[in-house]
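Take a look at the structure set out below.
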Amino acid sequence: MNRTLSAVVIALIMTGCASRPATRAEYVGLPPLANGWSRMYVSAGIMSGVKLWSVHQVGPVFINNQHVGATAKDEHFAVDLLPGTYEAYCTPEQPYRNFIDKRQLTFKAGETRYFACDMAPKGVGMYFGLIGALASEYLTNTYLEERPMDNPNSKLVSYKKLQVISSE
């Protein structure tokens, strides 16, 4: 019963975000990876086994506090970076009681890596129903998870060449 009530509360919070996003144009003209750079692809992730649909859920992605893109279901974007270590995170556009898990990512020259913006339930709300949800400081947690892209038909919606220096 408590798990069901918790799921209902989280579903109600995300109701405004669950609608299918507007279709965005596909980005064409992705350049080959420049010598000495690395490339990162980011796609929409999952929450409790369900694919996140909209940019409101997946939200913008930041590297060293610089916005690098946003993605939704069946979309991805690419970012080229110089080798080094960066702080990266994603957050919903409307981060109501969301914990942002910032991660340190290290890239080597010539490396291509794939990430997804995942979201997970967080807080005691999952264990104590509505009372727990009301008492929790956070209801969700967003984070970048490294894994292969799960949809080979995902479309590229943006590309950015990051001009910030790594934090090394």
**Request:** Being open to solvent by 10 Å² or more (accessible area, probe 1.4 Å) and more than 13 Å from the chain's Cα centre (by Cα) is the filter here, so list the residues in segment 95-121 that pass it.
**Result:** 96, 97, 104, 105, 106, 108, 109, 110, 111, 112, 113, 121
**Message:** When you check residue 79 against the structure, is it modelled with pLDDT of 95 or more, touching a Gly at 6+ places or on another chain (Cβ under 9 Å) and assigned to a strand (DSSP E or B), yes or no?
**Reply:** yes
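Go through 164, 124 for me and flag whichever is closer than 17 Å to residue 39 by Cβ, open to solvent by 20 Å² or more (accessible area, probe 1.4 Å), modelled with pLDDT under 80 and not hydroxyl-bearing (Ser, Thr, Tyr). I'd like the intermediate steps shown before the answer.
Working: 124 fails: closer than 17 Å to residue 39 by Cβ.
Checking each option against the conditions leaves just 164.
The values are calculated or read from the model by the stated rules, or taken from the named source; none is laboratory data. Because the structure is predicted, anything quoted here is derived from the model rather than measured. Backbone-built Cβ (ideal geometry, glycine too); neighbour counts: all protein chains shown. With ligands, DNA and RNA removed, areas are computed over all heavy atoms of the protein, side chains included. Shrake-Rupley method; radii C 1.70, N 1.55, O 1.52, S 1.80 Å.
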